[in-house]
Amino acid sequence: AISGFHATQSPMMARCLKNERLARPVFYGAMVAEGIVALIWAAAAISFTGGYPELAGYMKSHEGAGALVTDISVSWLGAVGGFLALLGVIAAPITTGDTALRSARLIAADMLGIGQSRLVKRLLVSLPVFAAAFGLMLIDFNVLWRYFAWTNQTLAAFTLWACTVYLARHGKLYVITLVPALFMTFVVVSYILVAPSPEGFGLDMSVSVAAAAAVDLLCAGFFVRYEVLRRRGALIHDVAY
């Protein structure tokens, strides 16, 4: 799974690292740990309901994943274990919201050049961020959740492209992020075009796929042009030196 949301945590996590070398164990370790947690819950959901068709039927007849988490926790772990499991599930979105708003504040502050050492300046940036978040919560949650899923992957696509340029600029093996960037770009563009209204544009599947392929080629073309210009600049610099 590729998560753009977790990519947005970089500005905050970077401030918590004493040394840049800690970035790999922190970020990679967190990714692996969360992947393990996700696999555990996925296996539990399939085992509890009896299979994929049964899981789909359960989700349709109940109020989302929260009901499934409650049933699994209480029936398997009892009252005490269920309480601890539910507490963890509740704590996760609360801390997620905290880190999301905090990251949004830090990103906005960096873009606007507003220092965050004084409380009044932190409030100056926080209030508009909280106002925007409150406005989003007025939207129907089902629609909002699907937009979150799409923007999450869209952020991942932008992050992969940024990583690709970074690796190319430093002479590293950029293909390891270029291929996922192309794939994710194709997915997010084709999805928003084919998704029904009010979520997307509701276009025909063939048209959406063709448009996504065109966007992919355009992005690839921009990157190839950048790489050619970069190498020419490097060669000119070497000759001049």
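Any idea how many residues of the stretch 57-85 are surrounded by fewer than 10 Cβ atoms within 10 Å (Cβ to Cβ) and not in a helix (DSSP H, G or I)?
Result for the stretch 57-85: 1.
Of all the residues that make up the stretch 18-56, how many are surrounded by 11 or more Cβ atoms within 10 Å (Cβ to Cβ) and under 13 Å from Val69 (Cα atoms)?
Looking only at that region, the number is 10.
Enumerate the pairs (first residue in the stretch 22-46 and part of a helix (DSSP H, G or I); second residue anywhere and of a type in the set (Phe, Trp, Tyr)) with beta-carbon separation below 7 Å, excluding pairs fewer than 6 apart on the same chain, so at least 6 apart or on different chains.
Between residues of the stretch 22-46 that are part of a helix (DSSP H, G or I) and residues that are of a type in the set (Phe, Trp, Tyr), the close pairs are Ile46/Tyr52.
I'm trying to understand the selection: among the residues of the stretch 113-147, which are open to solvent by 40 Å² or more (accessible area, probe 1.4 Å), assigned to a helix (DSSP H, G or I) and polar (S, T, N, Q)?
Asn142 - this is the single residue of the stretch 113-147 that is open to solvent by 40 Å² or more (accessible area, probe 1.4 Å), assigned to a helix (DSSP H, G or I) and polar (S, T, N, Q).
Tell me which residues, restricted to the stretch 166-179, are open to solvent by 40 Å² or more (accessible area, probe 1.4 Å) and in contact (Cβ under 8 Å) with a residue 24 or more places away in the chain.
Once the filter is applied, which keeps residues that are open to solvent by 40 Å² or more (accessible area, probe 1.4 Å) and in contact (Cβ under 8 Å) with a residue 24 or more places away in the chain, the stretch 166-179 yields only Arg169.
Of the residues Asp98, Asp110, which is assigned to a helix (DSSP H, G or I), charged (D, E, K, R), surrounded by fewer than 16 Cβ atoms within 10 Å (Cβ to Cβ) and touching a residue at least 40 places away in the same chain (Cβ under 8 Å)?
Asp110
Condition test on Phe158, is it open to solvent by 60 Å² or more (accessible area, probe 1.4 Å), within 24 Å of the chain's Cα centre (by Cα) and under 27 Å from Ala104 (Cα atoms)?
For Phe158, the condition - open to solvent by 60 Å² or more (accessible area, probe 1.4 Å), within 24 Å of the chain's Cα centre (by Cα) and under 27 Å from Ala104 (Cα atoms) - is met.
Can you find a residue in the stretch 41-64 that is at pLDDT below 85 and under 30 Å from Ser126 (Cβ atoms)?
Among the residues of the stretch 41-64, at least one is at pLDDT below 85 and under 30 Å from Ser126 (Cβ atoms), which makes the answer yes.
Please state which one of Ser190, Ser208 is in a helix (DSSP H, G or I) and under 18 Å from the mean Cα position of the chain (by Cα).
Details: Ser208 fails: under 18 Å from the mean Cα position of the chain (by Cα).
After applying the criteria, what remains is Ser190.
Give me the residue from the stretch 196-241 that is under 30 Å from Phe141 (Cβ atoms) and at pLDDT below 90 and, out of that set, surrounded by the most Cβ atoms within 10 Å (Cβ to Cβ).
Taking the stretch 196-241 as the starting set, the residues that turn out to be under 30 Å from Phe141 (Cβ atoms) are 196-205, 207-209, 211-212, 215.
Restricting the remaining residues to those that are at pLDDT below 90 gives 196-200.
On the way: Pro196: 9, Ser197: 7, Pro198: 11, Glu199: 14, Gly200: 17.
Top of the filtered list is Gly200.
From the list Trp161, Trp150, which one is in contact with a helix residue (DSSP H, G or I) (Cβ under 9 Å, 6 or more places away or on another chain), of a type in the set (A, V, I, L, M, F, W, C), closer than 27 Å to Gly233 by Cα and not in a loop (DSSP other than H, G, I, E, B)? Outline the logic, then answer.
Working: Trp150 fails: closer than 27 Å to Gly233 by Cα.
It is Trp161.
The values are calculated or read from the model by the stated rules, or taken from the named source; none is laboratory data. None of the values given here were measured: they were computed from a predicted structure. Cβ: placed from backbone, ideal geometry, glycine included. Neighbour counts: every protein chain shown. Surface accessibility is based on the protein's heavy atoms, side chains included, excluding ligands, DNA and RNA. Shrake-Rupley method; radii C 1.70, N 1.55, O 1.52, S 1.80 Å.
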